[in-house]
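Here's the structure we're looking at; comments come further down.
The values are calculated or read from the model by the stated rules, or taken from the named source; none is laboratory data. Keep in mind that this is a model prediction, so the values were computed, not measured. Note that we place each Cβ from the backbone using ideal geometry, even for glycine, and neighbour counts take in every protein chain shown.
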Amino acid sequence: MDAQRLDGLQILRALAAILVVFDHLGSLGQSQLGLNLRLPDYLGFDVAGVDLFFVLSGFIICYVTADVAKFDLKNFAWRRFARIYPFYLFFTLVVLGAWLYNSSWTFGMPQHTTDAILKSLVLFPQLQSPILYPGWTLEHEFIFYALAGLVLSFASHRWLVVLLGGLFLLGIGNRYWLSEPIWDFHLLSLFHFQFMGGVLVFLNRDRLVQLGKLMPCVLGVVLLGATAYGMEHNWGPDLGNANFYGVLRVVGFGVAGVFFLVAALNFSSTMRGGWFQRLGMALGDASYTLYLSHPILLAVLGKVAVYLGIGGWAAYLYLAACLAACCVASLLFFRWIEQPLVSYLKRF
């Protein structure tokens, strides 16, 4: 696959990260600025940014391990660890340090017990979110990486589809058919469905070119709206534990993510390198930092808003400035810290 084909994926990563920031901006606007930001039910899909990341991860892991014959488990594990964990640990330590300085600074996650802190530091799967709450998705990511490494050491990507699909079905059984679901440490995560979607797109990437760009986009938008509406109106049972919203969310947003991924691949071949593409690519590069750092920055900016007494129309302008600040901060961190450190670690 031509490297240019990934330009659209980078922009999709940027959009996914911005969706997550929008979700948390809404919370800031309501809690700190007194705004009524209630959207129509079918537009409440800002939480879908996480689901897009999971679908993208499924595709990217296959992309970087395309030549299964040369798969090196040790190298694969080190590169995934070096790319994900150091920056997660850095921002977790920032959150922990702030809480140690002032115990009221919990960043929305009050369970700062010794057990929660230790598990958060090592990214051990928890029932609740870690103290840096976006880290809950990384717990699922690392389980997926472990499964991918296990399968690709012995078999092809097609067997990864079989394993992920089987664990997804077992996860449904565990949560819906057992009177007391067992704690599975995310091994039976329903989000395996979304990773599987990314793997399937990789396996069928040449045939999916026939779908073009417009149709996958339209189908993805329709599914986002329908899923958001269904979640708001409780279509289907709720799993009842942290970070889950039932099968509807996982399947609906997951299939929507698949459509957007197909569209992004097909868009890449027609991109001309304009300013929008360059900005999208830059934010895509910095999307991981944006994802991890924005809760910390928004917490600080929320306190600033309260101190300044910002309200009315100025509050909407302040939210836009918060979004810009998060993006600029992530771009600077990526340029001066993340990129050099990742390049250094990949030498080993």
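Would you confirm, using the coordinates I've provided, whether residue 47 is over 25 Å from residue 295 (Cα atoms) and either modelled with pLDDT under 95 or in the same structural domain as residue 8 (by TED's automatic domain parsing) (or both)? Can you show your working first?
On the way: over 25 Å from residue 295 (Cα atoms): no; either modelled with pLDDT under 95 or in the same structural domain as residue 8 (by TED's automatic domain parsing) (or both): yes.
No: the conditions fail for residue 47.
Selection over the stretch 96-136 of residues that are in contact with a Ser or Thr (Cβ under 7 Å, 6 or more places away or on another chain) and either farther than 25 Å from residue 189 by Cα or among the acidic types (Asp, Glu) (or both) gives a count of 1. Take the conditions part of a loop (DSSP other than H, G, I, E, B), of a type in the set (A, V, I, L, M, F, W, C) and more than 17 Å from residue 57 (Cα to Cα) and apply them to residue 155. Does it pass? Criteria met by residue 155.
Taking the stretch 69-81, which residues are in contact (Cβ under 8 Å) with a residue 12 or more places away in the chain and surrounded by fewer than 16 Cβ atoms within 10 Å (Cβ to Cβ)? Reasoning before the result, please.
Here is the first cut: in the stretch 69-81, the residues in contact (Cβ under 8 Å) with a residue 12 or more places away in the chain are 71, 73, 76-80.
Across the stretch 69-81, the qualifying residues are 73, 77, 78.
Screening the candidates 106, 113 for the property of being under 23 Å from the mean Cα position of the chain (by Cα), of a type outside the set (A, V, I, L, M, F, W, C) and in the same structural domain as residue 197 (by TED's automatic domain parsing) yields one hit, 106. Within the stretch 183-221, the set of residues being surrounded by fewer than 23 Cβ atoms within 10 Å (Cβ to Cβ), closer than 16 Å to residue 165 by Cβ and of a type in the set (S, T, N, Q) comprises 204 only.
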